[in-house]
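Visitor: Before I ask anything, let me first share the structure, which is written out below as structure tokens.
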Amino acid sequence: MTALDENRRKLLKTGGGWSLAAALAAAGMLPSRAALADWNKSAFDGKNVAETLKALGIEPATASASLVLTVPDIADNGAVVPVQIASRLAGTTRLALMVEKNPNTLTAVFEILPDAVADVSTRIKMAQTSNVVAIAVADGKVYSATKEVKVTLGGCGT
Amino acid sequence: MRIRAAVGRDGIVEVRVLMSHEMESGQRVEAGAVVPAWFISQVTATHNGRTVMTAQWGPSVSKNPYFAFKFRGGKAGDKVALSWTDNRNETRSDETTIA
């Protein structure tokens, strides 16, 4: 059987739930976007900050005033909590955002490439009142900033 | 996606993005069954084809995600493109011109 036949067979077999592109990618015929950087499942499954950092391959962090985490003191709606992380630490290459009391601790990881500024904003879900933890990796060292957000109405069911 | 990119006086380009996605948390129960997680897991931002930032997200990013970031080296008229992949391997890409 030629390689092409084999791929065709794989296509037919996997055709049901998969898109054509995904099947082709699985057969090595197309570059998969997801293959560029695999989604770190073990990190996103982490249940606390220490476990999550370990899964990310990041050392334990020390608090730094040069890492600025901006969150509201009180969030009426836990489904939409605005968060900004800005690092003034030279050589910041990675930022991570965690919520201690969410079912899974890790919310997001940002890779700060050389021309990017270590300043990102997003909106996150919080199940309940919790510490929000920002992590920065700068010059190979690990820094954190922590702030508590009081959540009036949890946003986990959304 | 709605993307706005503008260069400031300091030469830094600020990009603000609104994506349209359910971002189902995987925690929600509907009719006695857990609704499976469905979320954008990877985001890539490029400036004139050069990657400036990538991100990995979990399902605790809010529904219809907002994402803002900044980079150096862009000027008015340059292209900024965003693309995402979700955990069902669906993808979407959009681009805009820096104002």
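The values are calculated or read from the model by the stated rules, or taken from the named source; none is laboratory data. Worth saying up front: this structure is predicted, and the values here are computed from it rather than measured. Cβ sites come from the backbone with ideal geometry, for glycine too, and all protein chains shown count toward neighbours. To get the accessible areas, we keep the full protein, side chains included, count just its heavy atoms, and leave off ligands, DNA and RNA. Shrake-Rupley method; radii C 1.70, N 1.55, O 1.52, S 1.80 Å.
Visitor: Before we go on, tell me the buried accessible area for the A/B pair, both chains summed, 1.4 Å probe, in Å² to the nearest 100. Provide the component values of the computation, followed by the final result.
Guide: Numbers: alone 9670 and 6150 Å², together 12910 Å².
Accessible area lost upon association: around 2900 Å².
Visitor: Additional query: Taking chain B as a Gaussian network, Cα atoms linked when under 10 Å apart, which of B:61, B:17, B:35 shows the biggest mean-square fluctuation?
Guide: Comparing B:61, B:17, B:35 in the GNM, the peak value goes to B:35.
Visitor: Amide H neighbours of residue B:62 under 5 Å, at least 5 residues apart or on other chains, H built in the peptide plane: list them.
Guide: Here the answer is A:123, A:124, A:125, since their amide H atoms fall under 5 Å of that of residue B:62.
Visitor: Put a dot 7 Å past each Cα toward the Cβ at residue B:31 and residue A:113; how far apart are the dots in nm?
Guide: Going by the 7 Å Cα→Cβ label model, 4.4 nm.
Visitor: I would also like to ask the following. Gain in length, residue A:146 to residue A:68, computed as 0.36 nm per residue apart minus the alpha-carbon separation, to one decimal in nm? Working shown, then result.
Guide: Working: separation 78, 0.36 × 78 = 28.08 nm, distance 0.91 nm.
Result for the pair: 27.2 nm of gain on full extension.
Visitor: May I pose another question? Need the C-alpha centroid separation for segment B:70-99 versus segment B:26-40, integer Å.
Guide: Centre-to-centre (Cα) distance: 29 Å.
Visitor: Run through segment B:6-99 and list the trypsin sites (Lys or Arg not before Pro) located in a DSSP loop whose Cβ has at most 12 other Cβ atoms within 10 Å. Write down the numbers at each step before the final one.
Guide: Details: sites: B:9, B:16, B:28, B:50, B:63, B:70, B:72, B:75, B:79, B:88, B:92; in loops: B:9, B:28, B:63, B:75, B:88.
Sites meeting the loop and neighbour criteria: B:9, B:75.
Visitor: Shifting gears a bit: Accessible area per residue of segment B:1-58 at 1.4 Å probe, in Å²? Could the numbers behind the result be given before it?
Guide: On the way: 2810 Å² over 58 residues.
Per residue, segment B:1-58 has an accessible area of 49 Å².
Visitor: Give the carbon-plus-sulfur fraction of the accessible surface of chain B in %, rounded to a whole number; probe 1.4 Å, heavy atoms of protein chains only. Could the numbers behind the result be given before it?
Guide: On the way: 2210 of 4690 Å².
Carbon plus sulfur share of accessible area: 47 percent.
Visitor: Ignoring ligands, DNA and RNA, please state the percent of accessible area on segment A:80-127 from carbon and sulfur, probe 1.4 Å. Could the numbers behind the result be given before it?
Guide: Details: 810 of 1550 Å².
C and S atoms contribute 52 percent here.
Visitor: Looking only at other chains, what is the average number of their beta-carbon atoms within 10 angstrom of each beta-carbon in B:43-52?
Guide: Average neighbour count from other chains, rounded to a whole number: 3.
Visitor: Kindly report the accessible area of segment A:48-139 per residue (heavy atoms of protein chains, probe 1.4 Å, no ligands, DNA or RNA), in Å². If you can, show how the numbers build up before the last one.
Guide: Values: 3690 Å² over 92 residues.
For segment A:48-139, the solvent-accessible area averages 40 Å² per residue.
Visitor: Ok, one more. Within segment B:64-85, find all residues whose amide N lies under 14 Å from a label point positioned 7 Å from the Cα of residue B:12 along Cα-to-beta-carbon.
Guide: Only B:68-74 pass the distance filter.
Visitor: Hey, got the Cα dimensions of segment B:2-97 along the principal axes, in Å, largest first?
Guide: 54, 22, 18
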